[in-house]
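Some notes on the structure that comes next.
Each value in this text was obtained by applying a stated rule to the coordinates, not by laboratory testing. Values in this document were obtained by computation on a predicted structure and should not be read as measured data. Counting neighbours? That spans all protein chains shown, and the Cβs are built from the backbone with ideal geometry, glycine included.
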């Protein structure tokens, strides 16, 4: 069975751990006067594309977005996307992993996860100027690698995330319910093929099923079961559009022993059989 292509952080840094956890690139240098056209793939890191100037299209988990000036795109590890970025676009492309970059800082990790819940931020001119100034400092520190540069980058990155939350009008306060929801969403991305019952996720989060359902209803207006089904359908769509795998292989990948059950499940939630969906939307 073929897997969706996964891209990893590539960087030429002195410290191996830091090299595997963070990179930042200048978009104009990256494009080198040419359009960037990427097919469907996924990353094993958080992806941040901040554009002072931009044109093109960006599809994240099958949702299309227009690439435009003064915009910031955020993606979590595991999400599938395809990007067309036109020559002349300007800004920064940043990649980071929380495990290596914020290994013991719970607050910063939660802030990063909260910001990445939203895939596109549209900024005004002054707001974007402030964000690009922070990224410019990060880019220079990353290139110069003077003493203490990692700490400087971490500090500027946290300010960048806080400013993004402020300018978007969202609260940066992490309530208990928000924290548990973030933990659930992270588990769904990694364990959806092995665990499909609300009781299983409740146990992993040390909650009762009642508590977990109360959290998802309060935060998203959905039961945990509805959220699990949404993630199953999303990963099914990712596999159908980003690979040439047979439906039986995709069903097996998602933990379904009975392919006919998987087909009925998919059709119930989308209105299409898997093969029809692939033919219509690929």
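Projected over all directions and averaged, the alpha-carbon convex hull of the chain occupies 15.6 nm². Reducing region 180-207 and region 247-282 to their Cα centroids gives an inter-centroid distance of 22 Å. Computed across region 176-281, the Kirkwood hydrodynamic radius from all distinct Cα-Cα pairs reaches 14.5 Å. Would you mind checking the tilt of helix 259-270 against the longest principal axis of the Cα atoms of the chain, expressed as 0 to 90 degrees and rounded to 10? With rounding to tens, the tilt is 60 degrees. In terms of surrounding Cβ atoms within a 10 Å radius of their Cβ, 35, 144 rank from fewest to most as 144, 35. Which distance in Å, rounded to a whole number, links the C-alpha centroids of region 18-83 and region 128-161? The distance from the Cα centre of region 18-83 to that of region 128-161 comes to 19 Å. Each principal axis of the Cα cloud of region 49-169 was taken in turn, and the coordinate range along them, longest first, works out to 39, 27, 27 Å.
Taking other C-beta atoms within 10 angstrom as a stand-in for reagent exposure, 49, 207 fall in the order 207, 49, fewest first. By the count of neighbouring beta-carbon atoms within 10 Å, fewest first, 68, 224 end up ordered 68, 224. Against the main long axis of the alpha-carbon atoms of the chain, helix 176-191 sits at an angle near 70°.
Modelled spin labels at residue 29 and residue 246, positioned 7 Å past Cα toward Cβ, are 4.8 nm from each other. Compute the angle between helix 224-242 and the longest alpha-carbon principal axis of the chain, please, reported from 0 to 90 degrees and rounded to the nearest 10. Helix 224-242 sits roughly 70 degrees off the main axis of the chain. Our helix-only sum for the chain, with -39,500 (n - 2.57) per DSSP H run of n ≥ 4 divided by its residues, gives a mean residue ellipticity at 222 nm of -15500 deg cm²/dmol.
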